[in-house]
Amino acid sequence: MGPRVRGDDSVTTWPMLELATVSLLNGVVYGLLLFMLTSGLTLIFSMMGVLNFAHASLFMLGAYLSYQFGRWVGFWPALVIAPLACSLIGAAIERYGLRHVHRSGHVAEILFTFGLAYVIEELVTMIWGRNAVANSVPAVIDFPLFSVFGSSFPAYKGLMMAISVAMFVFLYLALKRTRIGLIIQAALTHPQMVSALGHDVPGVFVLVFAIGSALAGLAGVIGGFMLLTQPTLAHAVGPIVFVIVVVGGLGSLAGALFASLLIGIMQTFAVAVDYSLLDLFRALGIGVTRTSPMYEFYSIKLATAAPIVPYLLLVLMLIVRPRGLLGTRDV
Amino acid sequence: MRSRHRSAVGLAVAWVFCAGSSAADVKIAFIDPLSGGAASTGILAQKTHQFYIDAINAAGGLNGEKIELLSFDNKVNPQESLIQLKKALDEGARYVVQGNGSSIAHAITEAVLKHNERNPGKEVVFLNYAAVDPALTNEKCNFWHFRFDADADMKMAAMTDVIAKDKRIQKVYLINQDYSFGKAVAAAAGKMLAEKRPDIKIVGDELHPLQKVQDFSPYVAKIKASGADTVITGNWSNDMVLLIKAGKDAGLKVKWETFYGGSPGTVTAVGEAGVDTLKQISEWHKNAAPELDSTVAAFGKRFPGKENEYTYWRAKTMWEMFAAAAKKAQSNDPVKVAKALEGMKMQTSLGEVEMRADNHQMLQPLYVSTLAKSPKYDVEATGLGWKSDAKVEGKMTALPTTCKMERPR
């Protein structure tokens, strides 16, 4: 028997408190990761009205580029270069692709970004292969930041939280408090007028798309450490991103933050709950036996069903409040 | 213009048919994921099968006939697999090879059984190299299915034998994927630990969705809170890598008893944190024998790079036994080859292997190994590699079977 770690004692003393605290922390971390993922998408959607299906692909591209640049020039430069590269790619997508498709309406835009997602996935596979690349956490941020009840909290997750919060503050201030934010918002609703006032509206759109793509890239740099950097990454995180945008309210930044945290925490806590409908029925005194209809369904533990929680929320939200929690217009 | 187009299509169709009928090759259909999330495993297996088939062809073929491997992408979906199986049969395949996913193996073995009942004289044999749900060689067994990987119960028996001897293990947490195979692993672990070490407490029995979880931190928090000292898991691919990565991030101090700790990317993900704590049960690892097998080295030369890390030793055994069975039968007819395979014994560089006649389960030596620093042969260029803790001879891995199969006359 090895030396007992001090944190070990708490395991037996306060198991529930420990699980609750660690789960809350994990939930907030996951929520902020989800916000990083969605912030760029929300920006692009609220400013340009484009539902960008290739957003998760740009996130994936960010992870791959940071892995590649990280090997060449180190982690800190890569943290800047990868998002910049993504913003350039984003700008090119807007300038040479989306702008032309835009004239044909929203359906064409969605189809364009949908196709783009496949193109990016294939390109990534061609360059880096089908298997996950060894995108390990760089040594400078690979240490336990602090520990709660004997579980350590890695520093890179701390960095991720800080970047996520910084993204929110930056976007919020840029849109609400700066002149360029004013022009961007005006360009969405009154493009002709803004153009007539001498502003370069197409240029503004390129800028917005570039910033949105850079945010996706930045999220990818950090997210790549937490998830697996492989060609299916975009596919794995794609659906949840749209759940957050819809639940939070299309185009609402604060809504996206709120929905991210809500879903992150809900999903994390759901995993920790080992109760099923069966337990609920028994507690209420309703007799359910093995021969009862749907017994199999009742006996599914909430923990097992945890990953469907966000999608359940999506469906409920679309029925009850289609504009989302903090949205201003319906889906 | 239009008619010219049509005649060109007609010509192409005719050409395809000619190509189909002129060859007298033995056609073998490989049905596994070649796109999507599980593609990396499927493609690696495809390369391995091709590699050993090429060796048979180079040595004169199967009774003088060349083997042709036809590949079909099933996207790890049972329905899609049946469509691909139909296609394979239409193209003249008489042998089917599949491995990724027990749910798919169930679909294929049933379809093959039905096909063979309805089409006497055109029987198909199913060579299963990786789907390890015990049911396939027990209550769901049939004459046409042969399994070349040890089933989940056999692996669990070897694993629990080693666990039983380690008195430090007191609390075990089971975490598995929510489908037939994961449930089989959990059930076997619970049953065997209760028999061999009744003092061990099972402090958690978790099932999570298959290849859907992105962040395993909540599960790791639960494992930590349970006070477990050992985790048993049958997780594979992303579910294995992400689980152990989350454990490493949270500084979880447990022993990992795994089926697929050797699956691509796992050792890279866990790194030095896995030394002495990550264990796997497998029919082979690079340091199982003192020297690397010559075919393994040749495979590495032909398919260099990390994503081609040699994994499927059982494929070598499978193809060698298959070629030997065809030779013994003096025919490439599936019924005759299947009859020759029954009860066939062979000597490999790791020990004796045998295809059980009663349930068509291969018996082969199994190794319990632990990740160690600077071994003779490392994996994924990490400087880390597997070191054997225990070897179980093929004969010793045999378990009772409930299989009752009908044999063709």
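The values are calculated or read from the model by the stated rules, or taken from the named source; none is laboratory data. Keep in mind that what you see is a predicted model, and the values were worked out from it rather than measured. Positions of Cβ are generated from backbone atoms using ideal geometry, with glycine treated the same way; all protein chains shown enter the neighbour counts.
Couple of notes before you dig in:
- In the stretch B:332-354, the condition of being part of a strand (DSSP E or B) and basic (K, R) is met by at least one residue.
- Inter-residue pairs, beta-carbon under 6 Å, first farther than 12 Å from A:L65 by Cβ and in the stretch A:211-225, second assigned to a helix (DSSP H, G or I) and aromatic (F, W, Y), 6+ apart: A:A219/A:F59; A:F225/A:Y156
- Scanning the stretch A:100-123 for residues that are β-branched (V, I, T), within 28 Å of B:A269 (Cα to Cα) and at pLDDT below 95 yields no hits at all.
- Looking across the stretch A:285-331, the residues that are under 21 Å from A:Y30 (Cα atoms) and among the small types (G, A, S) come down to A:A303, A:A305, A:A306, A:G324.
- Which listed residue is more than 14 Å from chain B (Cβ to nearest Cβ), aliphatic (A, V, I, L, M) and within 14 Å of the chain's Cα centre (by Cα), from A:L51, A:L84, A:L58: A:L58
- Evaluated against (1) surrounded by 24 or more Cβ atoms within 10 Å (Cβ to Cβ); (2) within 14 Å of another protein chain (Cβ to nearest Cβ); (3) out of contact with any Ser or Thr (no Cβ under 6 Å at 6 or more places or on another chain), A:F209 falls short on exactly one condition, (2).
- Condition broken by A:M160, with the remaining ones in (1) at pLDDT below 90; (2) buried (at least 19 other Cβ atoms within 10 Å of the Cβ); (3) within 14 Å of chain B (Cβ to nearest Cβ) satisfied: (1)
- Among (1) out of contact with any Lys or Arg (no Cβ under 6 Å at 6 or more places or on another chain); (2) buried (at least 18 other Cβ atoms within 10 Å of the Cβ); (3) within 14 Å of another protein chain (Cβ to nearest Cβ) - the single one A:P138 does not satisfy: (2)
- The stretch B:154-179, subset in contact (Cβ under 8 Å) with a residue 40 or more places away in the chain, under 19 Å from B:P134 (Cβ atoms) and surrounded by fewer than 19 Cβ atoms within 10 Å (Cβ to Cβ), residue nearest to the other protein chains (Cβ to nearest Cβ): B:Y179
- Hey, A:I222 of a type in the set (V, I, T), in contact with a helix residue (DSSP H, G or I) (Cβ under 7 Å, 6 or more places away or on another chain), within 14 Å of another protein chain (Cβ to nearest Cβ) and closer than 21 Å to A:L41 by Cα or not: yes
- Among the residues making up the stretch B:58-86, those that are among the polar types (S, T, N, Q) and either in contact with a His (Cβ under 6 Å, 6 or more places away or on another chain) or crowded, with 17+ Cβ neighbours inside 10 Å (or both) are B:S71, B:N74, B:N77, B:S81, B:Q84.
- Looking only at the stretch B:245-259, and only at residues there that are modelled with pLDDT of 95 or more and touching a Gly at 6+ places or on another chain (Cβ under 9 Å), the one that is nearest to B:P134 (Cα to Cα): B:F259
- Only a single item in (1) touching a Ser or Thr at 6+ places or on another chain (Cβ under 9 Å); (2) buried (at least 17 other Cβ atoms within 10 Å of the Cβ) is not met by A:Y295, and it is number (2).
- Residue check, B:T397 surrounded by 19 or more Cβ atoms within 10 Å (Cβ to Cβ) and under 19 Å from B:T258 (Cβ atoms): yes
- Residue within the stretch A:242-250 that is under 26 Å from A:L51 (Cα atoms), surrounded by fewer than 20 Cβ atoms within 10 Å (Cβ to Cβ) and within 13 Å of chain B (Cβ to nearest Cβ) present: no
- Within the stretch B:226-246, the residues that satisfy the criterion of being within 10 Å of chain A (Cβ to nearest Cβ) and under 25 Å from A:V237 (Cβ atoms) are B:S237, B:N238, B:V241, B:L242, B:K245, B:A246.
- Taken over the stretch B:80-114, the criterion of being modelled with pLDDT of 95 or more and among the polar types (S, T, N, Q) is satisfied by B:S81, B:Q84, B:Q98, B:T109.
- Entry remark, the stretch B:250-279: residues being within 14 Å of the chain's Cα centre (by Cα) and of a type outside the set (F, W, Y) number 4 in total.
- Among the residues listed as A:L284, A:L313, A:L302, A:L278, the single one being more than 11 Å from chain B (Cβ to nearest Cβ), surrounded by 13 or more Cβ atoms within 10 Å (Cβ to Cβ) and over 30 Å from A:L34 (Cβ atoms): A:L278
- Selection status of B:Q364, polar (S, T, N, Q), in contact with a Ser or Thr (Cβ under 7 Å, 6 or more places away or on another chain) and modelled with pLDDT of 95 or more: yes
- Of residues in the stretch B:198-222 being within 28 Å of the chain's Cα centre (by Cα) and more than 10 Å from chain A (Cβ to nearest Cβ), the one farthest from B:A246 (Cα to Cα): B:I202
So that you can scan it fast, the table gives a plain yes or no per residue for (1) in contact with a strand residue (DSSP E or B) (Cβ under 8 Å, 6 or more places away or on another chain); (2) in a loop (DSSP other than H, G, I, E, B); (3) on the phi > 0 side of the Ramachandran plot; (4) among the small types (G, A, S):
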residue	(1), (2), (3), (4)
B:S369	yes, no, no, yes
B:K376	yes, yes, no, no
B:V379	yes, yes, no, no
B:S388	yes, no, no, yes
B:K395	yes, no, no, no
B:L399	no, yes, no, no
B:R409	no, yes, no, no
